[in-house]
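In what follows, a structure is listed as structure tokens, so that the remarks can point back to it.
Read the figures in this text as sums done on the coordinates, not as results from a lab. Computed from a predicted structure; not experimentally measured. Every residue, glycine among them, receives a Cβ derived from its backbone with ideal geometry; neighbour counts consider all protein chains shown.
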Amino acid sequence: MSASTALPEPGLLRARLIAILTAIMVAVVAMFGMATLAAFDRAIAPELENRTRLIGSILSSEIQRTLDLGVPFRALGGLEAYIGETINEFDEISRITIVQGGDNVIAEITRDEAPTLLQRSGLADVAGIRSVQFAFPVLIGNELVGRIEVVGSPQFVETRLRDVFMDVSVLAVVALLLGVELALVVAAASVWKPYGRVLRLLAGQMAGDFSQTIRATGVSGVRRAAVRLNEQAEDLARRAQALPPALRQSLGDGAAGVASAMRLQRMRYSDFNDVRLALFLFATATEITASFLPIYARDAARPAWLSGELSAAAPLGVYLIAVAALSPFGGALSRRFGARRAFVASAVPTAVALASMAIADSLVAVTLWRGVIGIFYALATIACQEYTIRAGSTREASQSSSAFVGMIFGGAFCGSVLGGVIGGRFGFPAALFLGALMALTAGGVAYSAMRGRAGEPAAPQSPVPQPDAPAVRGNGLAFWSLTLCVSIPTSATTAIFIWYLAPLGLAARGYPPADVARIIMLYYLASTLIGPLANGLAKGRGGTAVPVVTGAAFAGVILLYFRSASDIWAVLALVSGCGIGHALIRAPMTALAVELAGKSRRMMSALRFSERAGALAGLSASALLLGGSDPSSTLGLLGGVSLAGGLGFAIVLGLSRDRDRGAPV
Amino acid sequence: MAILWRLWATAAGVMLAVLLVFLALSTFQFSRVHSDLVGERLIVLADRTAAPFQAAVRLGLPIASVRNAVGILERARRSDDRISAIYVFDREGGIVHATLGEAGDGPEVAAVRARMIGAQEWHGEIASGFIAGVNIAGPSSDWAGGIAVLYPRGGSTTRVWAMAAELSVAVLGIFVLGALTAGLLLRIGLRRIISAFDRVDAAIADFERDTWRREDEAAPASGLRADLDESYDQYRSAVAELRHLEAGRPT
């Protein structure tokens, strides 16, 4: 096929869609925010007036009572202190002025406030929004001797709306990612997949093979081409079927085209994009607990001998054990039963487990169901991996690993945000039920999208295509160095800090679940945004090792530098810094591990197992040793290991490559 | 262009869904904020109303013994004529005084207060409206009684619906504006990609149009068009072979 009729890569469309949808979402959120502020201001004004009037009348009656005792207005001592206390007590008041006679101000306290967003943008005037103002008369007998002026605070509404704006902003990012995935599914279903089918059918017919037809779908031209090519095959089949039996039998040795038409069947075409939406939704569903699981587990009923720290870590630990236990068999199970069946069969028990977690009230039940989720998470993700490997060429399979990581992390990001927002507003069970619904939706999507041949069971002996074998032979020393020095510290940091210490620490500081979710999501957001940059770095001169070593060193430095800092900005820096560092590591690390392992599937399985085991060991040690003490030593240790591991791996890799260059060929 | 329409519909659909979620969240938040504001205002009022009763308790008198209690409560009610009722509770949680014409919500109010007995100030909701109150400290640091104010919900519900209606109009406007902008941006941003789709479409259309005359007139093709021609050639040669077979068979 010439360049003139080659379709652009999905990556280009994805990048453009992200840019366009980001611009639209930013504009939509900004417009909605302004509209909400204006509507809130107007809707809440009567109640603010009532409150301001009540406070003013209380103030007025207190002063009036003093004046009625015969104390002169000017002699009122401590007036400023009194109205200062009132202002501090009521956030909705921004100024109180006590005026004697016509315009003699004898006391005034103003709260120091920045102009509101509406005032700064000039929309307050356009929308006719002004601060509430009241004046209350001060009388001695029947004589008007002064007045009390009370001015409402325009900042009050914006402060009360802070939460909703934060939720709207993070949900906009979720919508952006979901929108991009949906748009890619639409584009794949409309063009890429139908066009891919047409090209494959066309290639067969050009070679004289008329044994297949395809589903005629997609945008008009592609669909018409499919219909046309189908008609050619069907016409030949009809003509061949009309031949007398003796002639039909003789076709076996004759014309290839006619003979192939006798075996007409529907092509079952598979494409990498088939798993996109299902995997994204599934990752969202399983990670819906990301921002609150330790808190949820700690608050569940537990045996008296079990500490809060161990309770909080128990579901995470069991989850990691479950994932590690199933990972070595996931591929075989998926090939035995088919990727589609394995995924759909995983979605249903995952939904049941999430719903059961929602109604569970004991730690044992929460931990058990999280373990069930771990088992089926491993099976579902491996099924998707098997599907993409079987659906694409070996080169595409290699390229898809970063997109695969991107989808899982995109889903994890959305899960952590949705879990936090829904959990914070409607309770954790509501978030878990939503997760169950999303898991079922993922199963439904997979059932209809993974219909291709790649979703069917594979013969036990049939080799699964591996990513292109590297030009260099496997490098065992560097592989194990990568596993021990980079892979294990990375997963241990994620499990210990992101999944365990950060949510617990933030909850202990009084942050509600929605705020915890907004902070944890930064880790996944960084992973989603930095992933493409890591791929770009991996294509540079230094190859895949450069982003891996850079990421490990970066995460290590961040952990060491901010380990003792106690303010919220340090936590933000830690979470997003780890996200950036780990994003630089993750996608290139798979490609680097494949390169270093050569063709050994066993070594890759060992890498996956070591990752889980390392994370589990770190998490257990952290939960056992921490006991509510300061986590800075744990963070420092993680930082030191990450930094030293990254540098150690770089040295080992350099030395082993030098040795390989010097070795006789 | 068909792909543009589909992507536009997807973007518009996502935008509409997001705006509806935002609308629901904002309305929910407004309802909560408004309910809190009413509750806090009623607490201020209850606190002020409690002062004479607090003074009596400090003197060691039981709260039920305040003789002009109904007058005090009625005066407090005058600060907002929408207040449904004000109640005074004794140490055991029983209602000892109430404003005139109380509609019989006392037991329900007492039940809410009993649930939040630990707090000095509290507010909540019952079927007939918002409720807020303060507890009056006794001489030995326990509660000697309390005051609760009941406020109808009607006005608040109307405001929540009015606010939702106003936001819905804004959402509609934002959606129309956003959808138009999305269409424009997609048209400009995906120009290269759409033209690639159009080229594929054109190649297929050319093939369909030229099939019947291609033997004599069609220009030499390349790319997808050439591949389609090649498949057609294969098809025709297979058809010819079948005809040949049919013609050669013994009759």
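Dividing the summed -39500 (n - 2.57) terms of all DSSP H runs of n ≥ 4 by the residue count of chain A sets its mean residue ellipticity at 222 nm at -24000 deg cm²/dmol. Note on B:LEU42, B:LEU25: ascending count of other Cβ atoms within 10 Å places them as B:LEU25, B:LEU42, the fewest first. Return the FRET efficiency for the residue pair B:GLU108, A:ALA19: r is the Cβ-Cβ distance, R0 is 56 Å, and the value is rounded to the nearest 0.05. Between B:GLU108 and A:ALA19 the formula returns 0.50. Residues whose amide H falls under 5 Å from that of B:HIS97, counting only those 5 or more places apart or on a different chain, are B:VAL88, with hydrogens built in the peptide plane. The residue list A:ALA27, A:LEU177, A:LEU379 was ranked by how far each Cα lies along the charge dipole of chain A toward its positive end, using unit charges on Cβ atoms, and A:LEU379 comes out on top.
In this structure the amide hydrogen of A:GLY338, modeled in the peptide plane, comes within under 5 Å of the amide hydrogens of A:ALA458, none closer than 5 places in sequence on its chain. The relative contact order of chain B comes to 22 percent, based on Cα pairs under 8 Å that sit 6 or more residues apart. At the listed q of 0.07 Å⁻¹, the Debye profile of the protein assembly as shown, built from one uniform point per Cα, gives log10 I(q)/I(0) equal to -0.74.
Per residue, the average separation of C-alpha pairs within less than 8 Å and at least 6 apart gives chain A a relative contact order of 13 percent.
Rounded to the nearest 10 degrees, the inclination of helix A:155-187 to the longest alpha-carbon principal axis of chain A is 10 degrees. Phi angles across region A:524-532 convert, under the Karplus curve 6.51 cos²θ - 1.76 cosθ + 1.60 with θ = phi - 60°, into 3J(HN,Hα) values of 6, 5, 4, 4, 5, 7, 7, x, x Hz, Gly and Pro given as x. A simple spin-label model places pseudo-atoms 7 Å from Cα toward Cβ; at A:GLU80 and A:ALA27 they are separated by 5.2 nm. Which FRET efficiency value, to the nearest 0.05, do you get for B:ARG32 and A:ALA508 by plugging their Cβ-Cβ distance into 1/(1 + (r/R0)^6) with R0 = 25 Å? After rounding, the FRET efficiency stands at 0.50. Here the 3J(HN,Hα) profile of region B:128-140, calculated from phi with Karplus coefficients 6.51, -1.76 and 1.60 at θ = phi - 60°, is 8, x, 7, 9, 9, x, 10, 9, 9, 6, x, x, 10 Hz, Gly and Pro shown as x. In chain A, the longest principal axis of the Cα atoms and the axis of helix A:339-359 are about 20 degrees apart. Projecting the Cα atoms of B:ALA202, B:GLY118, B:GLY189 onto the charge dipole of chain B, computed from C-beta unit charges around the Cα centre, puts B:GLY118 farthest toward the positive end.
Angle of helix B:223-248 to the longest C-alpha principal axis of chain B, folded into 0 to 90 degrees and rounded to 10: 60°. Among A:TYR387, A:TYR523, B:TYR232, sorting on how many other beta-carbon atoms sit within 10 Å of each Cβ, with the fewest leading, yields B:TYR232, A:TYR523, A:TYR387.
Each of A:GLY101, A:ALA45, A:ILE18 was scored by the projection of its Cα onto the charge dipole of region A:13-160, and the greatest displacement toward the positive side belongs to A:ILE18; charges sit on the C-beta of Lys, Arg, Asp and Glu. Overall, chain B carries a charge dipole of about 1020 debye about its Cα centre when +1 sits on the Cβ of Lys and Arg and -1 on the Cβ of Asp and Glu, all other atoms neutral. Relative contact order for region A:13-160: what percent, with Cα pairs under 8 Å and sequence separation of 6 or more? Result for region A:13-160 is 29 percent. Each Lys and Arg adds +1 at its Cβ and each Asp and Glu adds -1 at its Cβ; summed about the Cα centre, chain A shows a dipole of about 3800 debye. Loop-resident trypsin sites (Lys or Arg not before Pro) (DSSP state other than H, G, I, E or B) in region B:58-120 with no more than 16 further Cβ atoms inside 10 Å of their Cβ: B:ARG67, B:ARG78, B:ARG82. Note on A:SER61 and B:LEU172: with the Förster distance fixed at 35 Å, the Cβ-Cβ geometry gives a FRET efficiency of about 0.15.
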